[in-house]
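The values are calculated or read from the model by the stated rules, or taken from the named source; none is laboratory data. Owing to the predicted nature of the structure, the values given are computational and were not obtained by experimental measurement. Cβ placement follows ideal geometry from the backbone for every residue including glycine, while neighbour counts extend to all protein chains displayed.
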Amino acid sequence: MSLDKLLTPVTVGHTTLKNRIWMAPLTRSRASQPGDVPSEMNARYYRQRASAGLIVSEATQISRQGQGYALTPGIYTDAQEAGWKQVVEQVHEAGGRIALQLWHVGRISHHLLQENGAAPVAPSAIQARNSTVFVIQPDGSPSTPQTDVPRALETAELPGIVADYVQAAKRAMRAGFDLVEVHAANGYLLNQFLDTAANQRSDEYGGSLENRARLVLEVVDAVVAEIGADKVGVRLSPNGVFGDMSPAGSADTALYVAKALGQRGIAYLHIAEPDWAGGQALDDDYRRALRKAFGGSLVFCGGYDADKAERLISSGIADAVAFGRPFIANPDLVERYRRGAALNQADPSTFYGGSDHGYTDYPSL
């Protein structure tokens, strides 16, 4: 099948991208220690994949409180900012474009990851069922315990959360990122506020759909005010159940948020489909409803191959498609798709943690 659409440029916000094959955010747990700082090895990994139309970075915590897994990078210290600057410079030197995904995990965390062993925070004090995190035990051994019971955030604390997103976006711009992506998907904090089960609040951030969407939109508005709507993307995950999210009302919630984001003129909306973690699959009727609600650049991610992505873009539903695991094993994925070449197979045992093996040593054509 011809990939005429997939391989054509597209303008997203203020940025023109050389193709519509995006690299999805991929947690790899390889930030240098101490301090969860991006390193030269991370810069090399991203540079290898700079042929993507847009790289969306691995999820990056906006604060120590926002961390849910060991060895994931942050964007709240000067050292982390400098580490990311090194990554961005390498990607730009190789002709690529890159967005930083801004992350607060909320209740998907553990006291060993929190400052002074504090409880994680969430909309409500409801533990995520059947959800684990990655921690380093006091003896130095790795472990994957169940998430802790979280503490419900006080209403007065929420402006501080918003401010953390703004500060992270400012740091991202100073580091040279082309865009930022507000992570409101996959069971993390902003998704928890949207969720009908995880959010049992009785203040103006709970109850009605408008109230549950309030924090997401406050974060977006504040980030937009700081860096401009044309540099901001948002990720949502309708029907997603990862992190003990409830499917009830999820699709309608995403349509409501999509419409509100479209009114704000943000650069793009990134939809994480529920293929990899369970949940009812999206169909084209729903994808078209998202297209109509949002109106701007729309990107889908989840189990796509080149032909399926080409069809989705050709249909007018999507402007781009993001690929995750194929980019792990194929730094030159764009060229392989261009040539119709075979793909390397990824080794799942090297997905999380480790060094160069399974990270920067996959061969290109």
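The residues in region 233-261 that are closer than 24 Å to Leu54 by Cα, assigned to a loop (DSSP other than H, G, I, E, B) and touching a helix residue (DSSP H, G or I) at 6+ places or on another chain (Cβ under 6 Å) can be counted, and the count is 1. Can you spot a residue in region 275-288 that is touching a His at 6+ places or on another chain (Cβ under 8 Å), surrounded by fewer than 20 Cβ atoms within 10 Å (Cβ to Cβ) and under 24 Å from His104 (Cβ atoms)? The answer is no; no qualifying residue exists. Remark: pairs (first residue in region 110-139, aromatic (Phe, Trp, Tyr); second residue in a loop (DSSP other than H, G, I, E, B); Cβ separation under 7 Å; 6+ apart in sequence or on different chains) = Phe134/Ser29; Phe134/Ala70; Phe134/Thr144; Phe134/Tyr352.
Only one of these conditions is not met by Pro9: (1) over 20 Å from Gly296 (Cβ atoms); (2) without any contact (Cβ under 8 Å) to a residue 60 or more places away in the chain; (3) not acidic (Asp, Glu). Which number is it? Checking Pro9 against (1) over 20 Å from Gly296 (Cβ atoms); (2) without any contact (Cβ under 8 Å) to a residue 60 or more places away in the chain; (3) not acidic (Asp, Glu), the one that fails is (1). If you filter region 310-336 down to residues that are in contact with a Ser or Thr (Cβ under 8 Å, 6 or more places away or on another chain) and in a helix (DSSP H, G or I), you find that the one that is nearest to Asp4 (Cα to Cα) is Glu310.
Go through region 69-95 and give me each residue that's in contact with a Gly (Cβ under 9 Å, 6 or more places away or on another chain), more than 25 Å from Val219 (Cα to Cα) and not aliphatic (A, V, I, L, M). Correct list: Glu89, Gln90, His92. Out of Ser109, Ser124, Ser131, one residue alone is of a type in the set (S, T, N, Q) and farther than 30 Å from Met23 by Cβ. It is Ser124.
Which of (1) within 23 Å of Arg129 (Cβ to Cβ); (2) over 19 Å from the mean Cα position of the chain (by Cα) is the odd one out, the single condition Ala260 does not satisfy? Result: Ala260 fails condition (1) only.
For Gly207, the conditions (1) surrounded by fewer than 16 Cβ atoms within 10 Å (Cβ to Cβ); (2) at negative phi; (3) not in a helix (DSSP H, G or I) all hold with the exception of (2). Answer with yes or no whether Gln200 is more than 23 Å from Gly13 (Cβ to Cβ), out of contact with any Asp or Glu (no Cβ under 8 Å at 6 or more places or on another chain) and in a loop (DSSP other than H, G, I, E, B). For Gln200, the condition - more than 23 Å from Gly13 (Cβ to Cβ), out of contact with any Asp or Glu (no Cβ under 8 Å at 6 or more places or on another chain) and in a loop (DSSP other than H, G, I, E, B) - is met.
Please determine, by comparing only the residues of region 138-175 that are in a loop (DSSP other than H, G, I, E, B) and hydroxyl-bearing (Ser, Thr, Tyr), which one is surrounded by the fewest Cβ atoms within 10 Å (Cβ to Cβ).
Out of the qualifying residues, it is Ser141.
In contact (Cβ under 8 Å) with a residue 12 or more places away in the chain, in a helix (DSSP H, G or I) and under 17 Å from the mean Cα position of the chain (by Cα): which single residue out of Val219, Val224 fits that description? None of the other options fit; the residue is Val219. Hey, does region 334-342 have a residue that's more than 18 Å from Pro25 (Cβ to Cβ), touching a residue at least 12 places away in the same chain (Cβ under 8 Å) and hydrophobic (A, V, I, L, M, F, W, C)? Checked against the condition, which is being more than 18 Å from Pro25 (Cβ to Cβ), touching a residue at least 12 places away in the same chain (Cβ under 8 Å) and hydrophobic (A, V, I, L, M, F, W, C), region 334-342 yields at least one hit. Would you confirm, using the coordinates I've provided, whether Glu58 is surrounded by fewer than 24 Cβ atoms within 10 Å (Cβ to Cβ), of a type in the set (D, E, K, R) and not in a loop (DSSP other than H, G, I, E, B)? Criteria not met by Glu58.
Looking across Thr72, Thr8, one residue alone is of a type in the set (Ser, Thr, Tyr), over 25 Å from Gly160 (Cβ atoms), in a loop (DSSP other than H, G, I, E, B) and modelled with pLDDT of 95 or more. It is Thr8.
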